[in-house]
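First up is the structure itself, then whatever we jot down about it.
Bear in mind that the values in this text are calculations on the coordinates, not laboratory data. Bear in mind the structure is a predicted one, so any value in this text is a computation, not a measurement. Methodologically, a virtual Cβ is constructed for each residue, glycine included, from the backbone with ideal geometry; neighbour enumeration extends over all protein chains shown.
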Amino acid sequence: MENIFIIWAECDDIEPYVIAVSDTREQAEKIIQKSKDVFEDAFEYRIDVIKKNTIIINDVKYTF
């Protein structure tokens, strides 16, 4: 199973939102760095890792 990296940005003025999706943590970190270069300290960032083609329902994992 492959991981997908979801990059979130948030600040006091808005709800968290997805700014990008990446195939690797390294690319996700580069995306965050580029956003920081442009927006400086305007946002906090978070990376969530999920399994590709997978859903968990009632603690049961289904992979397609």
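The residue that is farthest from residue 3 (Cα to Cα), among those in region 37-64 that are in contact with a strand residue (DSSP E or B) (Cβ under 8 Å, 6 or more places away or on another chain) and among the charged types (D, E, K, R), is 44.
If the condition is being surrounded by 11 or more Cβ atoms within 10 Å (Cβ to Cβ), part of a strand (DSSP E or B) and not aliphatic (A, V, I, L, M), then region 50-64 contributes 51, 54.
Restricting 47, 31 to those that are surrounded by 12 or more Cβ atoms within 10 Å (Cβ to Cβ) and in contact with a Lys or Arg (Cβ under 8 Å, 6 or more places away or on another chain) reduces the list to 47.
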